[in-house]
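Asks: Pasting a structure here, questions to come.
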Amino acid sequence: MTRLLIVEDDAATAHELREGLGARGYDTAHAGSAEAARASIAESAWDALIVDRMLPAQDGLGFVRTLRERGDTVPVLFLTALGTVDDRIEGLRAGGDDYLVKPFALGELVARIEALLRRPAMGMRPLLRIGSVELDLIARTARRGERDLELLPREFQLLEYFMRREGLVVTPAMLLRDIWNYNFELRSNLVDVQLGRLRRKLDALGETRLITNVRGVGFVFRADT
Amino acid sequence: MFAASVSSSVRIPRGVWRSAARFGGGVALLLAIGIGAVFGVTYWLSTRAVFRSVNVAVTEQLVLLSERPPELLPFMIMSRLRHQPAVVTRVGLFSADGSLIVGNIERVPAGVRFDSRPRILRTPTAEGGVVRLDVAARVLADGRRLVVARNVEDLLVFRAALMRILLVSLAACVGLGMAAGTAYALRGQARLRRLGATAEHIMLGALGERLEVRRRPDAMDELCIVVNRILDRLERLVAAWKNAGENVAHDLRTPLTALRAQLERLRDGGRLEERDLQIVIGSLRAIDSIRALTTRLLRIAEIEHDGRRQAFADVDAAALLREIGGDFAPLAEDAGIALRVETEGPVVIQADRELLAEAVINLTENAIKYAGAGRTVVLETRRSRGRAVLAVADDGPGIAPADREQVFRRFYRARTAQGVPGSGLGLSLVASIAGHHGFEVHLRDNGPGCRVELVCKLREAAA
């Protein structure tokens, strides 16, 4: 079972996060301060930390920085109230692996944690094959079974991203950040429209849908064989 | 020398040169007048004194000799010439018909007047040259002519040399004064320009920068010290304000996190009736739109108040617009709108790429949202008189002239936007991004439709 330590000074928020994550099958514990968190880390091993940026006494940034200085590489997801550019950059510089702006959907939090726990396979092989889909990363061509897929560069990028995260939930915010390098929220449903195009090319009539919606959270790519 | 080093390190505009040169010319003129006056007085006084003493000596000798008994005069002249050759260089006693009786002047010099007054005459020498003599002469009671003269050639040469020295040093002083004055003015203006550039940086948000103060402060430096102290104060205040803002955001958003999680638990618990479920889903949506709104406001505040200029780099606006156009074309198509990109060649500008993308995306989203089905949206870059123009244009209903000024204000929504969901923050975000970059924003009538232009400096022109 995945063990998560929630470092958050607000008891109500911590309680709700534990409830929500518990219901999704995570083993969680709560630390109300950096000091308490250090004690919990010394006691047992954690798969990932969820750290509020603003903590009483030592703040989240300082806590993670000292953690990294000690050589601890446990994945850290920052929770932040600001969500400004500087805020994000500071968080990543301090050693955070990802960040989430409050308030957030639990589904988004879970997707981010899963992405942290299962880093994508970034092999150097020129061919990426999952199920019936085959990507030639050098020629930039894609096939599904015997069928050549005529993908635009952006669509190719999207498909590669999903294939490297097979079985993982990918949220629109993750796609905006990783595919488009946009760290801001869009008002339009750019991601849905682009994914719609890709899916229409990917799934011919009667074929299994490779990228499916995860209601209210995002999308997931699953191999068809 | 100094001026040369300045001009090689910074390119100085013609106007600056002109006013510096004018200042230098003024300095040189003043210097010339001053030095000319001093030298002139010196020259006049010293040469006059010398020549007066010569004149006095010549006159004295003439008077002295003419008052001697006439019969003794030849003898006296001879003995004087023998014993005191230095006092009176030349003496000549001539008979009434002009033949020499005694002395070392061969003949009466041409042009001499017998009025006892010394004057300078050019007389030919035995060697065929010309020598200038200070000559005084008189007719004695017995009709003989007495001539006393002193060779002043050496004095005249000395006076000419003095004059030459004076003129050369005057010219040198004028030249130096010109150069030094220009250099001084240029340095002063270069300093002003540096101060101006720093002040502009600070105004654009680089609150950590300070005005330069030299080791030995003058009045201007004292002023800079005061301004720097004000900036210290301001920086602390802004930091405190930002801190307070962070605390407020944290205190407001943390309970929302708990609330959202509770609502999600309700939604996913499966114990709600359909009507209640819809209420919960609506509440979740409301929380998300509050978050989007506050995030946007925080972003505008961050862009406007922080000097995020370290992210500035060369950006090809044409390539950026092509990329955004490519991404949003399917979205426009779904809305029944044709999205076109019109660029020709790279248009390189200095910008924070992500912020610039955010502004263009905002304008593109706006155009797609408000233009209406069947319309066309054009993303365009072009060069116009050394400037880059980025435009997002549509042929939709446009924005009424009365609304054009207002739409950049926060939360303002144009009348044509009524009934379409939106926060009224899109264009104000665009305006703050443009302001952050120092870009001009123009909202124009596209006849029909709306055309928003971002006008900025071309990178090539600046290099």
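Asks: Taking a probe of 1.4 Å, how large is the accessible area per residue of chain B, in Å²? Write out the running numbers ahead of the final one.
Replies: On the way: 25310 Å² over 463 residues.
Ligands and nucleic acids excluded, the result is 55 Å² per residue.
Asks: In chain B, which helices (entire DSSP H runs) extend 27 Å or more along their own long axis, judged by Cα positions, while averaging at least 1.6 on the Kyte-Doolittle scale? The partial results should precede the final answer.
Replies: Values: long enough: B:14-66 (74 Å, 0.95); B:153-203 (74 Å, 0.80); B:219-269 (74 Å, -0.16); B:274-305 (46 Å, 0.17).
Length and hydropathy pass: none found.
Asks: When Cβ neighbours within 10 Å are restricted to other protein chains, what is their mean count per residue of peptide B:277-287?
Replies: That works out to 1 on average.
Asks: With every protein chain kept in the model, how would you rank A:Leu92, B:Leu167, A:Leu106 by accessible area, 1.4 Å probe, largest at the top? Walk me through the numbers before you get to the answer.
Replies: On the way: A:Leu92 80, B:Leu167 100, A:Leu106 5 Å².
Result, largest first: B:Leu167, A:Leu92, A:Leu106.
Asks: Heavy atoms of the protein only, probe of 1.4 Å, neighbouring chains included. What is the accessible area of B:Arg159 in Å², nearest 10?
Replies: For B:Arg159, the solvent-accessible surface is approximately 80 Å².
Asks: OK, next. Are there any residues in the range A:64-89 with a reduction of at least 40 Å² in accessible surface when going from the isolated chain to the assembly of protein chains? Probe 1.4 Å, please list them by number.
Replies: A:Ala81, A:Leu82, A:Thr84, A:Val85, A:Asp86
Asks: Then there's this: The range A:21-90 to the range B:93-139: how many Å between their Cα centroids?
Replies: Cα centroid of the range A:21-90 versus Cα centroid of the range B:93-139: 118 Å apart.
Asks: Hey, what number do you get for the protein assembly as shown at 222 nm if only DSSP H runs of n ≥ 4 count, each worth -39500 (n - 2.57), divided across all residues, to the nearest 500?
Replies: Working: 19 runs with 349 residues, N = 688.
Per the formula, -17000 deg cm²/dmol.
Asks: Give me the distance in nm between label points sitting 7 Å out from Cα along the Cα-to-Cβ direction at B:Arg107 and A:Asp192, one decimal.
Replies: Calculated label separation equals 12.9 nm.
Asks: Here's another thing I want to ask about it. So what is the relative contact order of the range B:317-363, in percent, for Cα pairs below 8 Å that sit 6 or more residues apart? If you can, show how the numbers build up before the last one.
Replies: On the way: 29 pairs, mean separation 22.8, N = 47.
So the answer I get is 48 percent.
Asks: Using heavy-atom solvent-accessible surface (probe 1.4 Å) with all chains present, what is the largest-first order of B:Val455, B:Val38?
Replies: Details: B:Val455 15, B:Val38 90 Å².
From most accessible down to least: B:Val38, B:Val455.
Asks: Can you list the aspartates and glutamates whose alpha carbon is less than 12 Å from that of A:Lys201, not counting same-chain residues fewer than 8 positions off?
Replies: Hits, sequence-local ones excluded: A:Asp148, A:Glu150, A:Glu155.
Asks: Here's a follow-up. Once amide H atoms are placed 1.01 Å from N in the peptide plane, what residues at a sequence separation of 5 or more from B:Leu272, or on another chain, have their amide H within under 5 Å of its amide H?
Replies: Close amide H contacts, sequence-distant or interchain: none at all.
Asks: I would also like to ask the following. Could you sort B:Ile279, B:Ile120 by their accessible area in this structure, using a 1.4 Å probe and putting the largest first? Mind showing how you got there, number by number?
Replies: On the way: B:Ile279 105, B:Ile120 80 Å².
From most accessible down to least: B:Ile279, B:Ile120.
Asks: In addition: At a probe radius of 1.4 Å, what is the per-residue accessible area of B:Thr42, in Å² to the nearest 10?
Replies: Rounded to the nearest 10, that gives 80 Å².
Asks: Moving to a separate point now. Of all the accessible heavy-atom surface of the range A:127-221, with the other protein chains kept in place and a 1.4 Å probe, what percent is carbon and sulfur? Don't skip to the end; give the middle numbers.
Replies: Numbers: 2210 of 4450 Å².
Ligands and nucleic acids excluded, carbon and sulfur reach 50 percent.
Asks: Could I ask something else about it? Within the accessible area of the range B:85-126, what % is carbon and sulfur when the probe is 1.4 Å and the other protein chains stay in place? Could the numbers behind the result be given before it?
Replies: On the way: 1330 of 2540 Å².
Its accessible area is 52 percent carbon and sulfur atoms.
Asks: Also, I was wondering about something else. Ignoring ligands and nucleic acids, what accessible area does A:Arg187 show with a 1.4 Å probe (Å², nearest 10)?
Replies: Using a 1.4 Å probe on the heavy atoms, I get roughly 90 Å².
Asks: What residues in the range B:239-272 lose 30 Å² or more of accessible surface when the other protein chains are added to their chain alone (1.4 Å probe)?
Replies: For the range B:239-272, once contacts with the other chains are taken into account, B:Glu246, B:His250, B:Arg253, B:Thr254, B:Thr257, B:Ala258, B:Arg260, B:Ala261, B:Glu264, B:Arg265 lose 30 Å² or more.
Asks: Another one. On the accessible surface of the range B:201-299, probed at 1.4 Å, how many percent belong to carbon and sulfur atoms? Walk me through the numbers before you get to the answer.
Replies: Working: 3880 of 6460 Å².
Accessible surface attributable to carbon and sulfur in the range B:201-299 totals 60 percent.
Asks: Can you pull out the GluC sites (Glu not before Pro) in the range B:104-212 whose DSSP state is coil and whose Cβ has at most 13 other Cβ atoms within 10 Å? Don't jump to the answer; show the numbers that get you there.
Replies: Numbers: sites: B:Glu106, B:Glu127, B:Glu153, B:Glu200, B:Glu209, B:Glu212; in loops: B:Glu106, B:Glu127, B:Glu209, B:Glu212.
Answer in residue order: B:Glu106, B:Glu127, B:Glu212.
Asks: If you don't mind, another one. Dipole size in debye (nearest 20) for the range B:75-141 around its Cα centre, Lys and Arg Cβ +1, Asp and Glu Cβ -1? Don't skip to the end; give the middle numbers.
Replies: Values: 10 positive and 5 negative charges, 43 e Å.
That gives a dipole near 200 debye.
Asks: Which aspartates and glutamates have a Cα less than 15 Å from the Cα of B:Lys242, not counting those fewer than 8 places away in the same chain?
Replies: Once the sequence-local aspartates and glutamates are set aside, what remains near B:Lys242 is A:Asp86, A:Asp87, A:Glu90, B:Asp251, B:Glu302, B:Glu304, B:Asp306.
Asks: How big is the A/B interface in buried accessible area, both sides summed, 1.4 Å probe, to the nearest 100 Å²?
Replies: Numbers: alone 12090 and 27230 Å², together 35370 Å².
Interface between A and B: roughly 3900 Å².
Asks: Right, something else. Quick one: check the C-alpha center-to-center distance for the range A:152-177 versus the range B:310-364, whole angstrom.
Replies: 21 Å
Asks: In the range A:183-202, whose amide N lies under 12 Å from the spot 7 Å out along Cα-to-Cβ of A:Asp224? List them in ranges.
Replies: Correct set: A:199-202.
Asks: Just going by the charge dipole of the range B:23-181, with Lys and Arg at +1 and Asp and Glu at -1 on Cβ, which of B:Leu30, B:Gly143, B:Leu65 is farthest out on the positive end?
Replies: Final value for the positive-end residue is B:Leu30.
Asks: Here is a further query. Roughly how many Å is it from the Cα centre of the range B:21-67 to that of the range A:92-136, as a whole number?
Replies: What the calculation gives is 96 Å, centre to centre.
Asks: Compare the Cα positions of A:Asn183, A:Ser132, A:Leu195 along the charge dipole of chain A (+1 at Cβ of Lys, Arg; -1 at Cβ of Asp, Glu; about the Cα centre) and return the one farthest towards the positive end.
Replies: A:Ser132
The values are calculated or read from the model by the stated rules, or taken from the named source; none is laboratory data. None of these values were measured; they are calculated from a predicted model. Here Cβ is always computed from backbone atoms with ideal geometry, including for glycine, and neighbour counts include all displayed protein chains. SASA here: full protein model, heavy atoms, side chains in, ligands and nucleic acids out. Shrake-Rupley method; radii C 1.70, N 1.55, O 1.52, S 1.80 Å.
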